[in-house]
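Report on the structure given below.
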Number of protein chains: 2
Amino acid sequence: MKPAKGVFVLGGAHSVYIGRGAPGFVGKDHPDFGKVSNPSVEDHLRDAVLGAVNETGVDPSLIDKGYVGNFLGELFTKQGQMGALLPRVCPALDGKPFARVDAACASGGIAVLACIDALMGSADICLAAGVEVETTVGSRDAADFMARAAHYASERAKDDFLFPHLFARRAKVYTEHYGVSRRDVALAVVKAYKNGQKNPKAHMRAASIDLDTAAAVTSKNQFLSDVELRPHMTLSDCSQLSDGASALILANETGLQKLGLSPSSVTEITATGCAVAGLGLPNDPLFLHNAARAAAEAYRDANIGPNDLSVAEVHDCFSITEVQLYEALGFAERGKGTHLLKDGLTEINGRLPVNTGGGLMSFGHPVGATGVKQILEVHRQLMGKCGAYQVPRALSVGMSANIGGDDRTAVVVVQQSSG
Amino acid sequence: MKPAKGVFVLGGAHSVYIGRGAPGFVGKDHPDFGKVSNPSVEDHLRDAVLGAVNETGVDPSLIDKGYVGNFLGELFTKQGQMGALLPRVCPALDGKPFARVDAACASGGIAVLACIDALMGSADICLAAGVEVETTVGSRDAADFMARAAHYASERAKDDFLFPHLFARRAKVYTEHYGVSRRDVALAVVKAYKNGQKNPKAHMRAASIDLDTAAAVTSKNQFLSDVELRPHMTLSDCSQLSDGASALILANETGLQKLGLSPSSVTEITATGCAVAGLGLPNDPLFLHNAARAAAEAYRDANIGPNDLSVAEVHDCFSITEVQLYEALGFAERGKGTHLLKDGLTEINGRLPVNTGGGLMSFGHPVGATGVKQILEVHRQLMGKCGAYQVPRALSVGMSANIGGDDRTAVVVVQQSSG
């Protein structure tokens, strides 16, 4: 979709993403466990929303409307109707229209798309937020909750860890079909952790991993029930169960005028793509067809191709997903996604840096926040605001790709610096 | 909000709403309990979506985009990402952008508003659906799930049945402050059941209640913990735990042209209002201030007043809510809502018929569906399609008022016949 009016990202903020493995996280092995709580869903949302207001300088009473991306608030945090948390965390938002949207791990991307629609008619300045808190239960329960992103009635029984199972199937079929080694796929993991170490808001900012460890298949790092799939998905192939929120402020041209901003001080969303495939229907393990059609729409409407991109955020929920997204987004030919990793092309210093802040693997994956986070990260790279992980050259066009479930909802956004 | 382009309701359909008390419902006392299942969330959604396609004659491949209103799918039915159920129940929808929205009991209204925004820019023909299945657990568990529409962390402890508690407080303070009798409020219950008996899709179509029973306070029909609030909320004051789905198709003028329809064959949404108040913040038990500000926006932008309305759907989650909404929507002065009931003005034969199909009390309250159902019901009344409960005179303007939580999200929609 090409917005019928100009749509601009003004900026935003992330809360500090945390979870098991993060400095300060109060887990079972923490001396204050049971006495001190980790930040609540409301705390994360407040940090992101007030951070976005602060970072952009936008008077929040001028925000017209907004959406909160969230997938499993009713389960992890016993909280629904999260649109109505916004006036609670930012009183100036009282009385305005807000609601929560869910498309599983693509909830954040959908929140931004719904804001873009609002900017065509009912609003000039919008708030897109996303939040998830996932550390309130153990990993097996969390995996059961996450299984609601699949067709639960027909797919749940496949494994206690359904999504790792579904993507292990992709990893097995893909590596065997194309003769790609597990070691080559694991390069995505090493890159993610290396980038996340430079990002003070990354969940896994204190962690690193070398290629031998990332590629290793040991008795301790496997966890799937299915014997054939088991070696194709180790703990290090997975993104994190994270707590976090991200928020960004969008405006159309009228909104920019109201705020006294010029298009050169912001980034522009020049096109979006969105595609949804039916839950539980047959799904090709070799290729992310649904993401590919969302990308095709975005490229067409932005009138660009993959070679025009200078930075990207892709949905690395598992290591194989990053590789398959390289192909769905046209960064590499089919079967050759790992070549980009081997050649270092998607490193921060490469031709097309991908997931510069650590991606879902290291920055973290608070599901409802992820799509918002990606679009904000592309904005921050284009505006030169990424600090220690800033790409050290001028960037003009960025893409983010956010997917929900096993390639069921895909949101692709193209942004460019308008300066 | 006044849509910047014309927005039209083409029609739609409801699944047959069911639950405890409905003919054919398989509950614990049914001989086939444990052997036969009630329809699933997917079954209801399929019935509503295919019904909407059938009723309007719209080729579903021409639908550009849509939203599904749903509040608690992850809990009641273990299913999230419900936008991706749509291509499953209607394969022609494959690849289009769909997502789920949640604003608790106002989820359906929000689904329609999000479609209206889409019709301003990215879409010409939209599908707004809503669905909830609530009978998979007992009423105490269901009440705990529903408590996620409040600020769970600070409000949950008030009562096992939190929402009946919150609205009992309204009933107590309101009746005492204005010297209104419980019997007068109970007139809303009698009206709802009387209307629902003429509606073949109503959950409680087989049930009736007389005023003595509706007003009675007995040891068997009370259930709240708080002794002072207990007599202000009996079982018959509550709407139903229902399973059901509703879907409607909307278009802008370009969409009507694509479909070969003239504005005279559909109804027009001339204005909407939406307001959101912070969860858990202080809340006046005497008046629905948040609904009132949504209504004020809708009246202003439609350039009409309450006297211009000829039919309405109001959110009677509890009997007191209908009375208080009469006042928030300006149908009656403050403290005089029950006068409309006593004078029969909101009966099907009255000056302003309200909830002609039985409202949330008798038609039922599958939470995510309700807002969509209301807008479709207004459409059906304006188009003369309500069969046995059709208002027997020409109608020109209708209003629906859908609220989430204890007056936290409010969606008010004004529709008129364009013929």
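For residues that are in a loop (DSSP other than H, G, I, E, B) and hydrophobic (A, V, I, L, M, F, W, C), scanning just the range A:253-270, find the one that is surrounded by the most Cβ atoms within 10 Å (Cβ to Cβ).
Kept after step one, since they are in a loop (DSSP other than H, G, I, E, B), are these residues of the range A:253-270: A:260-262, A:266.
Remaining after also requiring hydrophobic (A, V, I, L, M, F, W, C): A:261, A:266.
Details: A:LEU261: 18, A:VAL266: 26.
Out of the qualifying residues, it is A:VAL266.
Can you find even one residue in the range B:291-304 that is assigned to a helix (DSSP H, G or I), under 20 Å from the mean Cα position of the chain (by Cα) and either acidic (Asp, Glu) or modelled with pLDDT under 95 (or both)? Spell out how you get there, then give the answer.
Applying the first criterion (assigned to a helix (DSSP H, G or I)) to the range B:291-304 yields B:291-302.
Then keep just the ones that are under 20 Å from the mean Cα position of the chain (by Cα); that gives B:291-299.
In the following step, the residues that additionally are either acidic (Asp, Glu) or modelled with pLDDT under 95 (or both) were identified as B:297.
Yes; the residues of the range B:291-304 include at least one that is assigned to a helix (DSSP H, G or I), under 20 Å from the mean Cα position of the chain (by Cα) and either acidic (Asp, Glu) or modelled with pLDDT under 95 (or both).
So, in the range A:137-188, of the ones that are basic (Lys, Arg) and within 14 Å of another protein chain (Cβ to nearest Cβ), which residue ends up surrounded by the fewest Cβ atoms within 10 Å (Cβ to Cβ)? Steps first, please.
Initially, the range A:137-188 is screened for residues basic (Lys, Arg), giving A:140, A:148, A:156, A:158, A:169-170, A:172, A:182-183.
Add one more test, that the residue is within 14 Å of another protein chain (Cβ to nearest Cβ), and what stays is A:148, A:156.
On the way: A:ARG148: 26, A:ARG156: 15.
Checked the range A:137-188; the qualifying residue surrounded by the fewest Cβ atoms within 10 Å (Cβ to Cβ) is A:ARG156.
Filter the helices (runs of 4 or more DSSP H) completely within the range B:149-252 down to those with at least 3 residues that are hydrophobic (A, V, I, L, M, F, W, C) and farther than 21 Å from B:LEU340 by Cα.
Numbers: elements: B:152-155, B:162-178, B:182-196, B:211-215.
The qualifying helices (runs of 4 or more DSSP H) are B:162-178.
The rows are residues; the columns are (1) charged (D, E, K, R); (2) more than 10 Å from every other protein chain (Cβ to nearest Cβ); (3) farther than 16 Å from B:ALA104 by Cα; (4) in contact with a Ser or Thr (Cβ under 8 Å, 6 or more places away or on another chain).
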position: A:ARG20; (1), (2), (3), (4): yes, yes, yes, yes
position: A:PRO31; (1), (2), (3), (4): no, yes, yes, no
position: A:GLY34; (1), (2), (3), (4): no, yes, yes, no
position: A:HIS44; (1), (2), (3), (4): no, yes, yes, yes
position: A:LEU50; (1), (2), (3), (4): no, yes, yes, no
position: A:ALA92; (1), (2), (3), (4): no, yes, yes, yes
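Please enumerate the residues belonging to the range A:59-85 that are hydrophobic (A, V, I, L, M, F, W, C) and either in a loop (DSSP other than H, G, I, E, B) or at the interface with chain B (Cβ under 7 Å from one of its Cβ atoms) (or both). Step through it out loud before you land on a result.
To start, the set of residues in the range A:59-85 that are hydrophobic (A, V, I, L, M, F, W, C) comprises A:62-63, A:68, A:71-72, A:75-76, A:82, A:84-85.
Across the range A:59-85, the qualifying residues are A:ILE63, A:PHE71, A:LEU72, A:LEU75, A:ALA84, A:LEU85.
Of the conditions (1) more than 12 Å from chain A (Cβ to nearest Cβ); (2) free of Cβ contacts under 8 Å to residues at least 24 places away in the same chain; (3) among the charged types (D, E, K, R), B:GLU134 satisfies every one except a single condition; which number is it?
Condition (2) is where B:GLU134 drops out.
In the range A:160-179, how many residues are touching a helix residue (DSSP H, G or I) at 6+ places or on another chain (Cβ under 8 Å) and β-branched (Val, Ile, Thr)?
Residues flagged as touching a helix residue (DSSP H, G or I) at 6+ places or on another chain (Cβ under 8 Å) and β-branched (Val, Ile, Thr) within the range A:160-179 amount to 1.
Do we find a residue being of a type in the set (A, V, I, L, M, F, W, C) and under 30 Å from B:ALA298 (Cα atoms) anywhere in the range B:10-31?
Initially, the range B:10-31 is screened for residues of a type in the set (A, V, I, L, M, F, W, C), giving B:10, B:13, B:16, B:18, B:22, B:25-26.
Add one more test, that the residue is under 30 Å from B:ALA298 (Cα atoms), and what stays is B:10, B:13.
Looking for residues that are of a type in the set (A, V, I, L, M, F, W, C) and under 30 Å from B:ALA298 (Cα atoms), one finds at least one in the range B:10-31, hence yes.
Evaluate the range A:30-41: report whether one residue or more is out of contact with any Leu (no Cβ under 6 Å at 6 or more places or on another chain), surrounded by fewer than 16 Cβ atoms within 10 Å (Cβ to Cβ) and closer than 21 Å to A:SER122 by Cα.
For the range A:30-41, residues out of contact with any Leu (no Cβ under 6 Å at 6 or more places or on another chain), surrounded by fewer than 16 Cβ atoms within 10 Å (Cβ to Cβ) and closer than 21 Å to A:SER122 by Cα: absent.
Of all residues in the range A:257-284, which are away from chain B (no Cβ under 11 Å) and either out of contact with any strand residue (DSSP E or B) (no Cβ under 6 Å at 6 or more places or on another chain) or at pLDDT below 95 (or both)?
If the condition is that a residue be away from chain B (no Cβ under 11 Å) and either out of contact with any strand residue (DSSP E or B) (no Cβ under 6 Å at 6 or more places or on another chain) or at pLDDT below 95 (or both), then A:GLN257, A:LYS258, A:LEU259, A:GLY260, A:LEU261, A:SER262, A:PRO263, A:SER264, A:SER265, A:PRO282, A:ASN283, A:ASP284 are the ones that fit.
Which residues, taken from the range A:57-103, are farther than 16 Å from A:SER15 by Cβ and β-branched (Val, Ile, Thr)?
Matches in the range A:57-103: A:VAL58, A:ILE63, A:VAL101.
Count, please, the residues in the range B:1-29 that happen to be crowded, with 23+ Cβ neighbours inside 10 Å and among the basic types (Lys, Arg).
Selection size over the range B:1-29: 0.
Which of the residues belonging to the range A:101-122 are among the β-branched types (Val, Ile, Thr) and within 8 Å of another protein chain (Cβ to nearest Cβ)? Outline the logic, then answer.
Here is the first cut: in the range A:101-122, the ones among the β-branched types (Val, Ile, Thr) are A:101, A:110, A:112, A:116.
Answer for the range A:101-122, where residues must be among the β-branched types (Val, Ile, Thr) and within 8 Å of another protein chain (Cβ to nearest Cβ): A:VAL101, A:ILE110, A:ILE116.
Considering only the range A:1-37, how many residues are within 28 Å of A:ASN54 (Cβ to Cβ), touching a residue at least 60 places away in the same chain (Cβ under 8 Å) and not small (Gly, Ala, Ser)?
Looking only at that region, the number is 12.
Take the residues in the range A:140-164 that are under 23 Å from the mean Cα position of the chain (by Cα) and free of Cβ contacts under 8 Å to residues at least 12 places away in the same chain; name whichever of them is farthest from A:LEU281 (Cα to Cα).
Step one: filter the range A:140-164 for residues under 23 Å from the mean Cα position of the chain (by Cα), giving A:140-152, A:161-164.
From the residues that got through so far, the ones that are free of Cβ contacts under 8 Å to residues at least 12 places away in the same chain too are A:141, A:152.
Numbers: A:ASP141: 25, A:TYR152: 12 Å.
Only one residue fits best here, namely A:ASP141.
Output the qualifying pairs, or none if there are none: Cβ atoms under 7 angstrom, residues six or more apart or on different chains, first residue in the range A:62-82 and over 11 Å from B:LEU75 (Cα atoms) and among the basic types (Lys, Arg), second residue surrounded by fewer than 24 Cβ atoms within 10 Å (Cβ to Cβ) and at pLDDT 95 or above.
A:LYS65/A:LYS96
Taking the condition more than 14 Å from every other protein chain (Cβ to nearest Cβ), closer than 28 Å to A:GLY196 by Cα, out of contact with any Cys (no Cβ under 9 Å at 6 or more places or on another chain) and part of a loop (DSSP other than H, G, I, E, B), does A:ASN307 pass?
On the way: more than 14 Å from every other protein chain (Cβ to nearest Cβ): yes; closer than 28 Å to A:GLY196 by Cα: yes; out of contact with any Cys (no Cβ under 9 Å at 6 or more places or on another chain): yes; part of a loop (DSSP other than H, G, I, E, B): no.
Against the criterion (more than 14 Å from every other protein chain (Cβ to nearest Cβ), closer than 28 Å to A:GLY196 by Cα, out of contact with any Cys (no Cβ under 9 Å at 6 or more places or on another chain) and part of a loop (DSSP other than H, G, I, E, B)), A:ASN307 does not qualify.
The values are calculated or read from the model by the stated rules, or taken from the named source; none is laboratory data. What you see is a predicted model; the values in this text were computed from it and never measured. As a convention, Cβ positions derive from the backbone with ideal geometry for all residues, glycine included, and neighbour counts pool all protein chains shown.
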